[in-house]
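Presented below is the structure to which this report refers.
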Amino acid sequence: MTEIANLYETIFKRKSVRRYDPNPLDEKTLAGILSFLNTLKPLYGGIKTEVKIVPQKNVWSLQPKAPHYLAVFSETKDGYLTNVGFMMQQMDLFLSSIGIGACWQGIPKLSKEALRSSNLKFVIVLAFGRPAETLYRKSISEFKRKPIEQIRDFAGADELLEPARLAPSAVNNQSWFFTGKEGVIHAYCTKPKFLMGAWIRIDIGIALCHIWIAAEHFDKNVEFINNEKVLSSHPKGCHYIGTLSIK
């Protein structure tokens, strides 16, 4: 529970770090990161994933460079992108909680050597390293996010949905929407524009991770299910992702 508490607290101050100390992290720190990787909770248990630490020399990117990258590989089953977002946001928060900067990067490409390290599909990278800028936000007011009224149409679950509101997303698109009632939250992502389709599916996984961490923080049990009845009644312009049953 101490670890969950640390992740929960980090939600309200983390930011995407874009400038890094170019020096590699020490071996002890990298070993701790690898150890935490083995504890990541998946959203869907039946999807095989692999996460590998890749050095800067094996990553091509126009985005600011970091000394290390977590390269994520996955089976391409239904929900795999949302699963990647859910799992790796745990890593993003963990890194921030131990003083390491991190940033989701969807554009970078891996070297042939790095791609050959897994038989699964390469999905995305999480850049990380010692920050060369301020690691945390000073207050929630520094988050540029939609008001909570724009991401949900019901009351009574804001202690869980406020963390989702603060979640990072590609180009700050904030492509999530929630409906529901007490003990039930239906999660949706907005229909993608242009080339945003894959990123939007990852983004909703990130937001769901924040909801799960908040629920754990408040000693609530969460089950993620698909509700076929909801499929036919989703909000206009949205895709149904799944339902959170919270007790």
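Read the figures in this text as sums done on the coordinates, not as results from a lab. Only a predicted model underlies this, so the values are computations on that prediction, with no experimental measurement involved. Cβ placement follows ideal geometry from the backbone for every residue including glycine, while neighbour counts extend to all protein chains displayed.
Computed over the Cα atoms, what is the radius of gyration of the stretch 144-246 divided by 2.2 N^0.38 Å, N being its residue count?
Compared with the compact-globule rule of thumb, the stretch 144-246 sits at 0.99.
Helix check for the chain. Which DSSP H runs span at least 27 Å along their own axis by Cα, with a mean Kyte-Doolittle hydropathy no less than 0.0? Don't jump to the answer; show the numbers that get you there.
Values: long enough: 197-217 (31 Å, 0.95).
Qualifying helices: 197-217.
In whole percent, what relative contact order does the chain give with Cα contacts below 8 Å and a gap of six or more residues? It would help to have the intermediate numbers written out before the result.
Numbers: 462 pairs, mean separation 55.3, N = 247.
Relative CO of the chain lands at 22 percent.
Among the listed pairs LYS41/LYS146; LYS15/LYS65; LYS57/LYS121; LYS65/LYS112; LYS48/LYS109; LYS13/LYS146, which are separated by more than 24 Å between their Cα atoms?
Check vs 24 Å cut-off fails for LYS41/LYS146.
Can you tell me which of 34-43, 122-131 comes out highest on packing, and rank the rest after it, using the mean Cβ neighbours within 10 Å? Each step should come with its number before you reach the end.
Numbers: 34-43: 13.5, 122-131: 22.5.
Put in order of decreasing packing, that is 122-131, 34-43.
Cα-based Rg (one decimal) and Dmax (whole number) for the stretch 2-129, in Å?
Over the stretch 2-129's Cα set, Rg and Dmax evaluate to 14.0, 40 Å.
Only Cα pairs under 8 Å and at least 6 apart count here; give the relative contact order of the stretch 1-96 as a rounded whole percent.
Relative contact order comes out at 38 percent.
Which whole-number percent gives the relative contact order of the stretch 158-247, counting Cα pairs below 8 Å spaced six or more residues apart?
Contact order relative to length: 36 percent.
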